[in-house]
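Working notes for the structure below.
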Amino acid sequence: MIYYIAILSFLFAGFRELSEHAKEGNFKGMSHWWNTPKSWINKHEWVGKLPKWVFGSVMVWVTDAEHFFQFLSLLSVVALLTLIHPWFGLAFYLGAQFFGFVKSFTNLR
């Protein structure tokens, strides 16, 4: 079990680092997805037949690399806590979703 904890901790740190690099716009190629300064357009262009709020909230993790890596880091923490005790993983996930929802009503970004 200690190996799983070490691997998931390493993945969390790696995904957070990749998220920061995407936010800074340091990736080359597919700049409309890899670089946050340009990828915000995806939230508005991918609407198609789905309502606008889908890619602005529920599916935001597919719109750019920053949000994708944040999603993977969240999953690695949830998996890590679930290894320790299933309720810890569920509580952390629900708490993260709740505070993300509350954040949408503030000026925090």
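Cβ separations smaller than 9 Å between residues 6+ apart or across chains give the following pairs from the range 57-83 residues that are buried (at least 19 other Cβ atoms within 10 Å of the Cβ) to residues that are among the acidic types (Asp, Glu): GLU66/GLU20; PHE69/GLU17; PHE69/GLU20. Inside the range 55-97, residues that are in contact with a helix residue (DSSP H, G or I) (Cβ under 6 Å, 6 or more places away or on another chain), among the hydroxyl-bearing types (Ser, Thr, Tyr) and part of a helix (DSSP H, G or I) make up a count of 4.
Residue-wise test of (1) at pLDDT 70 or above; (2) aliphatic (A, V, I, L, M).
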| position | (1), (2) |
| --- | --- |
| LEU8 | yes, yes |
| PHE12 | yes, no |
| TRP33 | yes, no |
| LYS43 | no, no |
| TRP46 | no, no |
| TRP53 | no, no |
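Inspection of the range 14-27 identifies at least one residue that is of a type in the set (Ser, Thr, Tyr), modelled with pLDDT under 90 and under 18 Å from the mean Cα position of the chain (by Cα). Against the list (1) surrounded by 13 or more Cβ atoms within 10 Å (Cβ to Cβ); (2) modelled with pLDDT of 75 or more; (3) more than 15 Å from the chain's Cα centre (by Cα), the condition TYR93 fails is (3). Note on the range 27-38: residues that are in contact with a helix residue (DSSP H, G or I) (Cβ under 6 Å, 6 or more places away or on another chain) and either in a helix (DSSP H, G or I) or on the phi > 0 side of the Ramachandran plot (or both) total 6.
Pairing residues of the range 5-26 that are on the phi > 0 side of the Ramachandran plot with residues that are in a helix (DSSP H, G or I), at Cβ distances under 6 Å and at least 6 apart in sequence or on separate chains, gives GLY25/PRO37.
The values are calculated or read from the model by the stated rules, or taken from the named source; none is laboratory data. For clarity, every value in this text was computed on a predicted model and none was experimentally measured. Reconstructed Cβ throughout: ideal geometry from the backbone, glycine too, with neighbour counts over all protein chains shown.
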